Amino acid sequence: MTTLGWMDPVLRSARPQTIGALLRYFRDLDQAEEAFQEACLRALKIWPVNGPPRDPVAWLILVGRNVALDDVRRRSKSAPLPADAAISDLDDAESDIAERLDSSHYRDDVLRLLFICCHPDLPAVQQIALALRIVSGMSVKEIARAFLVGESAMEQRITRAKSRVTRADVPFETPGAVERAERLGAVAAMIYLVFNEGYSASGGTVHVRTPLCEEAIRLARLLLTLFPGEPEILGLTALLLLQHARAPARIDGDGAIVLLDDQDRRLWDRDLIAEGLALIDKAVRHRRPGPYQLQAAIAGVHAHAASSKDTDWSEIDQLYATLERLHPSPVVTLNRAVAVNKVHGPAAALAMIEPLAEPLAGYFHFFGVKGGLLMRLGRAEEARVAFDQAIALAHTPAEAAHIRLHLDRLIKENQPA
Amino acid sequence: MLYALLCCHDEAVVRSWTKAEDDAVLAKRHKVTERLAAKGKLGPALRLMPTTAATTVRMGGEPVVLDGPFAETKEALLGFYLIDCDSLDEAIETAKDIGRDEKVVFEIRPVKLFLPNGIAS
């Protein structure tokens, strides 16, 4: 790190809390962002000289607020701008504001900021882009790169999304328990979207877009720090950690997808797995199961197994059955069928997914799984049709290549000897 | 005299480090700890998981188990045990056992990295 390198992570990590508090103060997103920018510029000038403040977030909030007030004054051409030295002399004011801005205040500020990005009228991509821009502070250029679109197109999308949420009127009063729980649920879903966008990539050639996954984990951890006793937030964070732990094994040297069964598990990140399992341990103690906890538990069963053969598939089948009851969805049933195939064989699994043909008619994985099961049952012609449908629905070249691999195997096995 | 160095850090900042930044900090420290180890002046070292993985057991009367790290400022860190348990439940029970009839608080933190001799390998 350079001499000033220490400041970058400090400013980056202070961003959600600072903008959240400034938003509560100004009730205007653009103004809050501008004030934060200005406060950061002052910090870059003042901190290297005076050393870092005891509470950087409180410092930035106070300076951001003052700068904006000065701006108003300057526009009204009254009082002159104070010198930087005066602004740096904040010790008393800083400890005062630090006391008032205790963690419970920060908590609702950050939650509100995240919640604003989850407006139900916004398509998923815009929610994600907005959160990455406003909360994480990623540049438009970085976000555009992650979504494989041009910078100006992404700029437009974010501007549109912003004006949509600005008109949404999210109340600034401290939320009640029910409202807080609702916000938490919406924010958790949005963070999961950010991760999924990085994990499965809805287009382009790079299959795992690591920065998005890492950002989602950072946001989940932030949320968990603020709500340490929420089992579903423990579950969400555990789920992301356990899935991300497999990233190094998911793509081979040629950029092709490696399925869970075939992954080299020595490549899995043991640190992330250990942390994910520790969080599941904590969540389970609450005895309030939910979808994220169950999915994390499933990922945990995989993480425990040395190989696909050693996996406790009936445990996974059970967990999916519970998830189906709690949160019925054709995708959950499809996933359960993969476990059923291992426990009861391909015929049982195929019977299970047959009713899903209609709801999952446009779903790549449905045809991938169906083709795989048909192949195992020796119904080669039907398998080929399913694989062709999967290829037509593939989002990335890696997905298509993976199915083609099955097709090739199918053709090879069915060639007359 | 043996001394314990307790590493305190702004966790939000550490969480914001990129992998490269984190590696750079470890590499920088490694240069020092290796020198200490060569002189026989280094004991075990460990890195804890984030406080989001922490559970707190508050003894005195009926023990209370809370999610999250120990956050009070009145009590000071006076010592610690390293225990090997199969589960969080076992760790909690062990803490209750050790602190029986005391008014003590245990923060239980899973260990991310344990180096018995202070340095890797």
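Under 7 Å by Cβ, and 6 or more places apart or on different chains, what pairs join a residue from the range B:13-25 that is within 8 Å of another protein chain (Cβ to nearest Cβ) and over 10 Å from A:ARG12 (Cβ atoms) with one that is at pLDDT 85 or above and surrounded by 13 or more Cβ atoms within 10 Å (Cβ to Cβ)?
Filtered contacts from the range B:13-25: B:GLU21/A:PRO9.
Does the range A:323-330 contain any residue that is under 18 Å from A:LEU294 (Cβ atoms) and touching an Asp or Glu at 6+ places or on another chain (Cβ under 6 Å)?
Taking the range A:323-330 and keeping what is under 18 Å from A:LEU294 (Cβ atoms), we get A:323-330.
Within this subset, residues satisfying the condition of being touching an Asp or Glu at 6+ places or on another chain (Cβ under 6 Å) are none.
No, the conditions are met nowhere in the range A:323-330.
Considering only residues that are free of Cβ contacts under 8 Å to residues at least 24 places away in the same chain and either among the basic types (Lys, Arg) or touching a Ser or Thr at 6+ places or on another chain (Cβ under 7 Å) (or both), look in the range A:128-166 and name the one that is surrounded by the fewest Cβ atoms within 10 Å (Cβ to Cβ).
Step by step, filter the range A:128-166, then rank; the result is A:LYS141.
Of the residues A:ALA306, A:ALA299, A:ALA220, which is at pLDDT 95 or above and over 30 Å from A:VAL149 (Cβ atoms)?
Details: A:ALA306 fails: at pLDDT 95 or above; A:ALA220 fails: over 30 Å from A:VAL149 (Cβ atoms).
Matching residue, one of A:ALA306, A:ALA299, A:ALA220: A:ALA299.
Considering only residues of the range A:200-214 that are at pLDDT below 80 and touching a helix residue (DSSP H, G or I) at 6+ places or on another chain (Cβ under 7 Å), which is nearest to A:PRO123 (Cα to Cα)?
The initial filter retains those residues of the range A:200-214 that are at pLDDT below 80, namely A:200-210.
Narrowing the set further to residues that are touching a helix residue (DSSP H, G or I) at 6+ places or on another chain (Cβ under 7 Å) leaves A:205, A:207-210.
Details: A:THR205: 23, A:HIS207: 22, A:VAL208: 21, A:ARG209: 20, A:THR210: 22 Å.
Restricting to residues being at pLDDT below 80 and touching a helix residue (DSSP H, G or I) at 6+ places or on another chain (Cβ under 7 Å), the top hit is A:ARG209.
Picking from B:VAL65, B:VAL57, B:VAL25, B:VAL14, which residue would you name as being at pLDDT below 90 and over 13 Å from the mean Cα position of the chain (by Cα)?
Working: B:VAL65 fails: at pLDDT below 90; B:VAL57 fails: at pLDDT below 90; B:VAL25 fails: at pLDDT below 90.
Exactly one residue qualifies, and that residue is B:VAL14.
For the range B:99-118, which positions are of a type in the set (Val, Ile, Thr) and away from every other protein chain (no Cβ under 12 Å)?
So in the range B:99-118, the residues of a type in the set (Val, Ile, Thr) come out as B:104-105, B:108, B:111.
Within the range B:99-118, B:VAL104, B:VAL105 meet the criteria.
Considering B:THR56, B:THR33, which residue is of a type in the set (Ser, Thr, Tyr), surrounded by 13 or more Cβ atoms within 10 Å (Cβ to Cβ) and either part of a strand (DSSP E or B) or touching an Asp or Glu at 6+ places or on another chain (Cβ under 8 Å) (or both)?
On the way: B:THR33 fails: either part of a strand (DSSP E or B) or touching an Asp or Glu at 6+ places or on another chain (Cβ under 8 Å) (or both).
Every option except B:THR56 fails the conditions.
Mind telling me which of the residues A:ALA238, A:ALA216 ends up being touching a Gly at 6+ places or on another chain (Cβ under 7 Å), in a helix (DSSP H, G or I), in contact (Cβ under 8 Å) with a residue 40 or more places away in the chain and crowded, with 21+ Cβ neighbours inside 10 Å? So that I can check it myself, show each step before the final result.
Numbers: A:ALA216 fails: in contact (Cβ under 8 Å) with a residue 40 or more places away in the chain.
A:ALA238 is the lone residue from the list that is touching a Gly at 6+ places or on another chain (Cβ under 7 Å), in a helix (DSSP H, G or I), in contact (Cβ under 8 Å) with a residue 40 or more places away in the chain and crowded, with 21+ Cβ neighbours inside 10 Å.
Yes or no: the range B:80-98 includes at least one residue that is among the polar types (S, T, N, Q), farther than 20 Å from B:LEU46 by Cβ and either within 14 Å of chain A (Cβ to nearest Cβ) or in a loop (DSSP other than H, G, I, E, B) (or both). Spell out the reasoning first.
From the range B:80-98, those among the polar types (S, T, N, Q) are B:87, B:94; that's our starting set.
Retained after the next criterion (residues that are farther than 20 Å from B:LEU46 by Cβ): none.
Among the residues of the range B:80-98, not one is among the polar types (S, T, N, Q), farther than 20 Å from B:LEU46 by Cβ and either within 14 Å of chain A (Cβ to nearest Cβ) or in a loop (DSSP other than H, G, I, E, B) (or both), which makes the answer no.
Please specify each residue of the range B:77-99 satisfying the condition of being within 14 Å of the chain's Cα centre (by Cα) and exposed (fewer than 10 other Cβ atoms within 10 Å of the Cβ).
B:LEU78, B:GLY79, B:TYR81, B:LEU82, B:ASP84
For the range B:36-79, how many residues meet the condition of being closer than 22 Å to A:ILE280 by Cβ and within 9 Å of chain A (Cβ to nearest Cβ)?
Of the residues in that region, 12 qualify.
Among the candidates A:ASP254, A:ASP261, which residue alone is part of a helix (DSSP H, G or I), surrounded by fewer than 19 Cβ atoms within 10 Å (Cβ to Cβ) and at pLDDT below 95? So that I can check it myself, show each step before the final result.
Details: A:ASP254 fails: part of a helix (DSSP H, G or I).
Criteria check complete, one pass: A:ASP261.
Go through (1) in contact with a helix residue (DSSP H, G or I) (Cβ under 8 Å, 6 or more places away or on another chain); (2) modelled with pLDDT of 85 or more; (3) over 25 Å from A:PRO175 (Cβ atoms) and name the single condition A:GLY51 misses.
(1)
Quick test for you: out of A:ALA296, A:ALA278, pick the one residue that is closer than 30 Å to B:LEU66 by Cβ, within 12 Å of chain B (Cβ to nearest Cβ) and either assigned to a helix (DSSP H, G or I) or not basic (Lys, Arg) (or both). Explain how you work it out, then say what you get.
On the way: A:ALA296 fails: within 12 Å of chain B (Cβ to nearest Cβ).
None of the others qualify; the one that does is A:ALA278.
Residues in the range A:368-381: is at least one assigned to a helix (DSSP H, G or I), at pLDDT below 95, small (Gly, Ala, Ser) and surrounded by fewer than 19 Cβ atoms within 10 Å (Cβ to Cβ)?
yes
Please tell me if A:HIS286 is over 20 Å from the mean Cα position of the chain (by Cα), crowded, with 20+ Cβ neighbours inside 10 Å and either outside any helix (DSSP H, G or I) or away from chain B (no Cβ under 14 Å) (or both).
Working: over 20 Å from the mean Cα position of the chain (by Cα): yes; crowded, with 20+ Cβ neighbours inside 10 Å: no; either outside any helix (DSSP H, G or I) or away from chain B (no Cβ under 14 Å) (or both): yes.
When the stated conditions are applied, A:HIS286 does not pass them.
Looking at (1) modelled with pLDDT of 90 or more; (2) in a loop (DSSP other than H, G, I, E, B); (3) within 30 Å of A:ALA256 (Cβ to Cβ); (4) not charged (D, E, K, R), which one does A:GLY137 not meet, given that it meets all the others?
For A:GLY137, the failing item is (3).
Restricting attention to the range B:66-76, report how many residues are surrounded by fewer than 17 Cβ atoms within 10 Å (Cβ to Cβ) and either in a strand (DSSP E or B) or of a type in the set (Val, Ile, Thr) (or both). Step through it out loud before you land on a result.
Applying the first criterion (surrounded by fewer than 17 Cβ atoms within 10 Å (Cβ to Cβ)) to the range B:66-76 yields B:66, B:71-76.
Still in the running and either in a strand (DSSP E or B) or of a type in the set (Val, Ile, Thr) (or both): B:66, B:73.
Of the residues in the range B:66-76, 2 are surrounded by fewer than 17 Cβ atoms within 10 Å (Cβ to Cβ) and either in a strand (DSSP E or B) or of a type in the set (Val, Ile, Thr) (or both).
Within 29 Å of B:ALA27 (Cα to Cα) and in contact (Cβ under 8 Å) with a residue 24 or more places away in the chain: which single residue out of A:PRO9, A:PRO52, A:PRO16 fits that description?
Working: A:PRO9 fails: in contact (Cβ under 8 Å) with a residue 24 or more places away in the chain; A:PRO16 fails: within 29 Å of B:ALA27 (Cα to Cα).
Exactly one of A:PRO9, A:PRO52, A:PRO16 is within 29 Å of B:ALA27 (Cα to Cα) and in contact (Cβ under 8 Å) with a residue 24 or more places away in the chain, namely A:PRO52.
Give the number of residues within the range B:40-84 that are of a type in the set (A, V, I, L, M, F, W, C) and either touching a residue at least 60 places away in the same chain (Cβ under 8 Å) or in contact with a helix residue (DSSP H, G or I) (Cβ under 8 Å, 6 or more places away or on another chain) (or both).
Let us first name the residues in the range B:40-84 that are of a type in the set (A, V, I, L, M, F, W, C), namely B:42, B:45-46, B:48-49, B:53-54, B:57, B:59, B:64-66, B:70-71, B:76-78, B:80, B:82-83.
Still in the list and also either touching a residue at least 60 places away in the same chain (Cβ under 8 Å) or in contact with a helix residue (DSSP H, G or I) (Cβ under 8 Å, 6 or more places away or on another chain) (or both): B:42, B:45-46, B:48-49, B:53, B:57, B:59, B:65, B:77, B:83.
Qualifying residue count, the range B:40-84: 11.
The values are calculated or read from the model by the stated rules, or taken from the named source; none is laboratory data. Predicted model, so just to flag it, every value in this text is computed and none were measured. Cβ coordinates were reconstructed from backbone atoms using ideal geometry, including for glycine residues, and neighbour counts include every protein chain displayed.
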